[in-house]
Structures are given as C-alpha cells and as structure tokens.
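Structure first, commentary second.
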Amino acid sequence: MKQVLVIFTAAFFLLSCQNQSSSAWQTMTFIQDKPFLTHVNLGDTAHGHGDGMAFEAVLKDTAGTAVGEVLGWMVTVDIMDGDSANPVHFTERIGTTVYKFDDENKIIVSGGTSNHKGEQVMKLGMDQKRAVVGGTGKYKGIKGEVTTTRNEDGTYTHVLDVKMAN
C-alpha cells in the first residue's frame, strides 16, 4: 500500500509540474461600416509614395450591434514589379489598425494591404491578411491574424483568428 501511495504521489507531482495547456485559438468576426477616410498628400497632386491615410469607422458584431470602432493610419508605398518594358505598378499601404471596444480593451493589428496603382480602396472580395500584434485590457497578450475583405456595399468584414496568452 505504501508503494502505491508513493507512486500515486510521484505521478501527481510530475503531472502538476507539466506546462498547462495554452488557450485555444478562437475566431471573432466583425463588420466595419464604410470608413471615413482622410488622405494626407505629401507633395504632388496625386496620391502616391509616402502619402498617409487615416481612417475610422464603426465596428459591429455579426448581428449588427455596434461594439466599438476601427481606427487606423496607413502610409503609401508605390512599387513597380516586372521589367521596364512591362511594368506592373501597385501600391502597398503599410500601417496600424486599432480595434477599439472601449477605453481599456483594444486589439492592435499591423501589416499592409496591396492595391493596384491608383486604387484607393481594397479590391472587392480580395482577402488581405495582417498580424494581430497585441492588445490591452482583456486582450492583453493576444496574437494571431486578421483577414479583411471589402464588401460590395463599402463595408469590410474582419475575421480575427486569435489566441490569448496564458
């Protein structure tokens, strides 16, 4: 009986010392109203390399209830791909987006979106992925990625695949 108790105690101790399972991945889906855009032109008359764009919009859950807002700042980087005989011009907008649910609870996203040169918004139905780099409040330690798609009505769907830190 004493040996069984020793084995049970040792097994219990070893199991309790192992890493606890980390939180599971979860998916959150939000619909962003059509954004209010502010372009900051830094030189010529066209939107181009180095220009900035700020945006804000109401953020809703899939039932249509307002749950917060989306705020962001993007910098335009014009890029030419291909050779000089057949150049392909596109624009990468690199920046930060904040999903603000209230003063304490925010999710921070960083990355870029690709557009063909001259396009001011994302192509319809084309997914763009960016990194979830952190958060505040109940989102402290969050990580993952967000997939954003522009909808025909000018709204955007954001699907966040995220995991909370332990």
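What ranking of 36, 30 emerges when the number of other C-beta atoms within 10 Å of each C-beta is taken as an exposure proxy, fewest first? Numbers along the way, then the final one.
Numbers: 36 10, 30 21.
Ascending Cβ contact count within 10 Å gives the list 36, 30.
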**OP:** Beyond 20 Å between alpha-carbons counts as too far, so tell me which of 34/143; 34/140; 100/138 fall in that bin.
**Re:** 34/143; 34/140
Subject >> Cα→Cβ-extended label distance, 7 Å offset, between residue 61 and residue 81, nm >> reply: 3.9 nm
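Read-outs throughout are calculated quantities, based only on the coordinates presented, and are distinct from any laboratory measurement. Computed from a predicted structure; not experimentally measured. Cβ sites come from the backbone with ideal geometry, for glycine too, and all protein chains shown count toward neighbours.
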